[in-house]
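Enquirer: My structure is below; once you've seen it, I'll send some questions.
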Amino acid sequence: MGTEVKVEKNGRRVKVSIEVEFAEDAGMLECETAIQDALNQAGCELTVGCLERYDTDGSPIEVEGVKLTSKGLTPCSYQTPYGEATMRRHVYQSGWGGTTYCPLERSARVIEGTTPRFAQMCALKYATLNSVLAQKDLAQSHRRSVSRCYLQDISAAVASIAQRKQQDWTYADGVERERVAFICVSIDGTCMLYCQEGWRTAMVGTVSLYDAAGERLQSVYVGSPPQYGKDEFFAQMQRLIAVYKQRYAHVRWIGVADGAKENWSWLADHVQVQVLDFWHAASYLQAASEAMGRSPQQRQEWFEQARHQLKFEPAGARTLLARMRRALADPAVKGDRRADLERAIGYFANNLSRMNYTDCRFHHWPLGSGVIEAACKTLVKQRMCGAGMKWKHDGAATVLSLRSIVLSGGDRWSQFWAKIERFGV
């Protein structure tokens, strides 16, 4: 097969003509591959024409009060969705040397030698797939051959923009203000494997908008790699909550989590209502049921009745706590059964004020922490806990920064790139 691409330039107009000669015995897949290659070649030529619009004419410029002069047109290659585009552009420097400055790269939002569209493609694929699959997808779907190191480096560059701008850039959620009746905040941790330190806990947080009927409208995710003290994670959550409290000052804030003490010590300062995950509470009742009957059938009946009472009866948790305490006084309750019962009593006693499930049902507030449990799986586990995967801190931070934007509602990924287009990197 033969391919010929001709380029004609006239000022700001670039005309590309493509001629492909198909072999007589070529299969359809072979023909489509030839078409893709021809289009990629044309795309490179058009990208060069587009990039040239952002270059200067070589005249001296001033940057931050410093006069810079051109060193002349110097060759450079940029990575694009279509291939490597090579061109000549002006690079500037002050009279006494120092760091060089390229107006074209700044104006065109070039990121580490990569055009913004290709940086967007690579970062999205790397956030969604492991580096091997992302590399194969680029090769198969786009005829773009890149190294795994390149994918990691460009993704890290994009993630660093997100990290630097997280205090300055806010995002629209696309939800009508009047529809939001309450907002739920949840935090939790999930384990991932580090190269040197073994299993560590990554933190995940969600801020979810609900309507009056309890229908979840949207969730925003925050993911943070394992860190001692978790200060960075809590700072990110506080910034997000501050934005939404200003945006939705009229709504009630609900905290939903499991019984981990450190979760509630932080959530208590940010929510008006605290709700303990119902299913965690029910699991303690199931363990306690071993001490509440002589036969398996009696124990199962007690558990089913207790779970119903906890969910549907006012003060059900308080009543069950009293029953379990009375059962603990029975000297026949020994060994593991006694230990399970004591743990259930302690759990209920510590979280009694968070177990008003009849109020939750009346107001349509969530009873469980399913949103944050799912977030732990989708944000961390699905991407970062594959077979043989081990992480270093910077690599984990890159993936979690990108996935938090990609998976959050309101098409936050597109908004992020729109801000890069508008404000630069």
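Enquirer: Return the residues of segment 323-338 that are exposed (fewer than 13 other Cβ atoms within 10 Å of the Cβ) and among the small types (Gly, Ala, Ser); say none if nothing qualifies.
Expert: ALA329, ALA332, GLY335
Enquirer: Considering only residues of segment 339-357 that are more than 20 Å from GLU304 (Cα to Cα) and free of Cβ contacts under 8 Å to residues at least 60 places away in the same chain, which is most open to solvent (accessible area, probe 1.4 Å)?
Expert: ALA349
Enquirer: Among the residues of segment 290-312, which ones are in contact (Cβ under 8 Å) with a residue 24 or more places away in the chain and surrounded by 14 or more Cβ atoms within 10 Å (Cβ to Cβ)?
Expert: Hits for segment 290-312 are GLU290, ALA291, MET292, ARG307, LEU310, LYS311.
Enquirer: Consider ASP258 against the criteria (1) open to solvent by 20 Å² or more (accessible area, probe 1.4 Å); (2) closer than 15 Å to CYS360 by Cβ: it satisfies all of them except one. Which criterion is unmet?
Expert: Evaluating ASP258 over (1) open to solvent by 20 Å² or more (accessible area, probe 1.4 Å); (2) closer than 15 Å to CYS360 by Cβ leaves (2) as the failure.
Enquirer: Still on this model: What are the residues in segment 293-316 that are in contact with a helix residue (DSSP H, G or I) (Cβ under 6 Å, 6 or more places away or on another chain) and within 19 Å of PHE278 (Cβ to Cβ), if any?
Expert: Answer for segment 293-316, where residues must be in contact with a helix residue (DSSP H, G or I) (Cβ under 6 Å, 6 or more places away or on another chain) and within 19 Å of PHE278 (Cβ to Cβ): TRP302, PHE303, ALA306, ARG307, GLN309, LEU310, LYS311, PRO314, GLY316.
Enquirer: Regarding GLU84, is this residue part of a helix (DSSP H, G or I) and under 38 Å from the mean Cα position of the chain (by Cα)?
Expert: The answer is no for GLU84.
Enquirer: For a quick check of your reading of the model, give me the residue pairs whose first member lies in segment 157-179 and is more than 14 Å from GLN415 (Cα to Cα), whose second is open to solvent by 60 Å² or more (accessible area, probe 1.4 Å) and not in a loop (DSSP other than H, G, I, E, B), with beta-carbon atoms closer than 9 Å and at least 6 apart or on different chains.
Expert: Cβ pairs passing all conditions: GLN167/ARG239; ARG177/ARG247.
Enquirer: So, one more: Within segment 69-81, identify whether any single residue is open to solvent by less than 20 Å² (accessible area, probe 1.4 Å), touching a residue at least 12 places away in the same chain (Cβ under 8 Å), closer than 29 Å to PHE22 by Cβ and assigned to a strand (DSSP E or B), and answer yes or no.
Expert: Yes, segment 69-81 contains a residue that is open to solvent by less than 20 Å² (accessible area, probe 1.4 Å), touching a residue at least 12 places away in the same chain (Cβ under 8 Å), closer than 29 Å to PHE22 by Cβ and assigned to a strand (DSSP E or B).
Enquirer: So which residues in segment 219-242 are over 18 Å from the mean Cα position of the chain (by Cα) and among the hydrophobic types (A, V, I, L, M, F, W, C), if there are any at all?
Expert: ALA242
Enquirer: Moving to a separate point now. Please pick out the residue among GLN272, GLN309 that is more than 20 Å from GLY189 (Cβ to Cβ) and out of contact with any strand residue (DSSP E or B) (no Cβ under 8 Å at 6 or more places or on another chain).
Expert: Result of the check over GLN272, GLN309: GLN309.
Enquirer: Out of all the residues in segment 221-233, which are surrounded by fewer than 22 Cβ atoms within 10 Å (Cβ to Cβ) and under 21 Å from HIS270 (Cβ atoms)?
Expert: GLN227, GLY229, LYS230, ASP231, GLU232
Enquirer: Let me ask something additional. Looking only at residues in segment 367-425 that are among the basic types (Lys, Arg), open to solvent by 30 Å² or more (accessible area, probe 1.4 Å) and in a helix (DSSP H, G or I), which one is farthest from TYR126 (Cα to Cα)?
Expert: ARG422
Enquirer: Go over the candidates LYS136, LYS165 one by one and state the one that is out of contact with any Ser or Thr (no Cβ under 7 Å at 6 or more places or on another chain) and within 17 Å of VAL406 (Cβ to Cβ).
Expert: Of the residues listed, the single one that is out of contact with any Ser or Thr (no Cβ under 7 Å at 6 or more places or on another chain) and within 17 Å of VAL406 (Cβ to Cβ) is LYS165.
Enquirer: Search segment 53-68 for residues being surrounded by 15 or more Cβ atoms within 10 Å (Cβ to Cβ) and in a loop (DSSP other than H, G, I, E, B), and hand back the single one that is nearest to the chain's Cα centre (by Cα).
Expert: That would be TYR54.
Enquirer: I would also like to ask the following. Has segment 134-143 got any residue that is modelled with pLDDT of 95 or more and within 18 Å of the chain's Cα centre (by Cα)?
Expert: Scanning segment 134-143 turns up at least one residue that is modelled with pLDDT of 95 or more and within 18 Å of the chain's Cα centre (by Cα).
Enquirer: Tell me the residue from CYS44, CYS50 that is more than 23 Å from GLN140 (Cβ to Cβ) and surrounded by 14 or more Cβ atoms within 10 Å (Cβ to Cβ), please.
Expert: Only one candidate qualifies: CYS50.
Enquirer: Any idea which residue in segment 262-289 is farthest from SER353 (Cα to Cα), counting only those that are open to solvent by 40 Å² or more (accessible area, probe 1.4 Å) and more than 29 Å from the chain's Cα centre (by Cα)?
Expert: Looking at the filtered set, the residue picked out is GLN286.
Enquirer: Here's another thing I want to ask about it. Any idea how many residues of segment 128-149 are of a type in the set (D, E, K, R) and touching a residue at least 24 places away in the same chain (Cβ under 8 Å)? Explain how you work it out, then say what you get.
Expert: As a first pass, look at segment 128-149 and keep what is of a type in the set (D, E, K, R): 136-137, 143-144, 148.
Going one step further and asking which of them are touching a residue at least 24 places away in the same chain (Cβ under 8 Å), we end up with 143-144.
Within segment 128-149, residues that are of a type in the set (D, E, K, R) and touching a residue at least 24 places away in the same chain (Cβ under 8 Å) number 2.
Enquirer: Need a quick list: helices (runs of 4 or more DSSP H) entirely within segment 102-208 having at least 3 residues that are open to solvent by less than 20 Å² (accessible area, probe 1.4 Å) and either among the aliphatic types (A, V, I, L, M) or over 30 Å from LEU29 (Cβ atoms) (or both).
Expert: Qualifying helices (runs of 4 or more DSSP H): 116-128, 148-165.
The values are calculated or read from the model by the stated rules, or taken from the named source; none is laboratory data. Everything numeric here is computed off the predicted structure, so don't read it as measured data. Glycine gets a Cβ as well: all are built from the backbone with ideal geometry, and neighbour counts include every protein chain shown. SASA here: full protein model, heavy atoms, side chains in, ligands and nucleic acids out. Shrake-Rupley method; radii C 1.70, N 1.55, O 1.52, S 1.80 Å.
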